[in-house]
1. Pairs only if they're at least six apart or on different chains, beta carbon under 6 angstrom, first in the stretch 143-167 and touching a residue at least 24 places away in the same chain (Cβ under 8 Å), second part of a strand (DSSP E or B) and loosely packed, with under 14 Cβ neighbours inside 10 Å; list them, first residue then second.
2. Do you know which of the residues in the stretch 1-39 that are of a type in the set (A, V, I, L, M) and without any contact (Cβ under 8 Å) to a residue 12 or more places away in the chain is surrounded by the fewest Cβ atoms within 10 Å (Cβ to Cβ)?
3. Could you list all residues from the stretch 146-172 that are aromatic (Phe, Trp, Tyr) and more than 24 Å from the chain's Cα centre (by Cα)?
4. So, restricting to strands (runs of 3 or more DSSP E) that lie completely within the stretch 142-236, which ones have at least 1 residues that are exposed (fewer than 13 other Cβ atoms within 10 Å of the Cβ) and modelled with pLDDT of 85 or more?
5. Which pairs turn up if I take residues in the stretch 172-200 that are under 17 Å from residue 106 (Cβ atoms) and look for partners that are of a type in the set (S, T, N, Q) and in a strand (DSSP E or B) with beta carbon separation below 7 Å, at least 6 apart in sequence or on another chain?
6. Given the condition of a type in the set (Val, Ile, Thr), part of a loop (DSSP other than H, G, I, E, B) and farther than 15 Å from residue 91 by Cα, answer yes or no: does some residue in the stretch 115-130 qualify?
7. Could you grab the pairs with beta carbons closer than 6 Å, sequence gap of 6+ or different chains, first residue in the stretch 40-52 and within 16 Å of residue 6 (Cβ to Cβ), second one hydrophobic (A, V, I, L, M, F, W, C) and exposed (fewer than 10 other Cβ atoms within 10 Å of the Cβ)?
8. Just need a number here: residues in the stretch 23-67 that are of a type outside the set (D, E, K, R), at pLDDT 70 or above, assigned to a loop (DSSP other than H, G, I, E, B) and within 49 Å of the chain's Cα centre (by Cα).
Amino acid sequence: MASRKLRHYFQSQTIQVVTSQSLKKILTRPEASGRVVAWSIELGEFDLEYILRTAIRAQALADFVVECTFLGPQDLTPDEQLIRTPRKWKHFMDGSVTEKKCGDGLILSSPEGFEICQTIRFNFPLTNNVAEYEILLAGMELARSLEAKHLRAFSDSMLVVKHFSGEYEQRDPRMKAYATKVKDASMSFETFELSQIGRENNGWADALSRLASAKTQSLTGSIYLTEAMTPLIEKK
């Protein structure tokens, strides 16, 4: 079965057959008949070496267990445990504000692992905090259009996360308007959570945001590029 399914490997390489059975003797005995003869002819075109399998030492089993033990939740970093959210859509975001260009990047991931990557270029001046709010609202709108019921958003902006949780007070009228709009948008989902993660676990969203704010005029691959002309808080 192996020689038929992996024929191109068998034809180009010397194959070592590790076994505790005397296969070579069985296949080459003169009195062989029937299927054994057919197998001998079929395997005769390959360069096969038969190696006697010795006893498996306890250390080998121990090494195998160590190699094939996958990380459990207790072995993960706090951010990695946070990101592992079953049965919920996940929204990763980041903003990039430079002197000439401003952009945001978001990744929306379904519970089954389907991902949508989007970049937004802003044609109006804004701050880093406003950029974080803009991409959060854009991702929530995208998730709502896809009829997501449970959404968990991840941002590396402590201010945005603390505003949503109520730990920080929104003194700036503009920030207060954005926080209110996020609260209203969260009511569209059965469950919505906004959590903070470190920048090291948000690299792909950061790369998308930098791509959106770059001077390049065209993007390739499955990345959706849109341009925002006005802030979302000005839209009804």
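1. 150/191
2. Residues of the stretch 1-39 of a type in the set (A, V, I, L, M): 1-2, 6, 15, 17-18, 23, 26-27, 32, 36-38.
Among the residues that remain, those that are also without any contact (Cβ under 8 Å) to a residue 12 or more places away in the chain are: 1-2, 6, 26, 32, 36-38.
On the way: 1: 5, 2: 10, 6: 12, 26: 12, 32: 14, 36: 14, 37: 11, 38: 11.
Per the criteria, the residue is 1.
3. If we filter the stretch 146-172 for residues that are aromatic (Phe, Trp, Tyr), which is where we start, we get 154, 164, 168.
Once the filter is applied, which keeps residues that are aromatic (Phe, Trp, Tyr) and more than 24 Å from the chain's Cα centre (by Cα), the stretch 146-172 yields 164, 168.
4. Answer list for the stretch 142-236: 191-196.
5. From residues that are under 17 Å from residue 106 (Cβ atoms), the pairs are 194/155; 196/155.
6. Yes, the stretch 115-130 contains a residue that is of a type in the set (Val, Ile, Thr), part of a loop (DSSP other than H, G, I, E, B) and farther than 15 Å from residue 91 by Cα.
7. Short answer, once both residue conditions are applied: none.
8. Total meeting the criteria: 4.
The values are calculated or read from the model by the stated rules, or taken from the named source; none is laboratory data. Quantities reported herein were computed from a predicted structural model and do not represent experimental measurements. Note: ideal-geometry Cβ built from the backbone for every residue, glycine included; neighbour counts use all protein chains shown.
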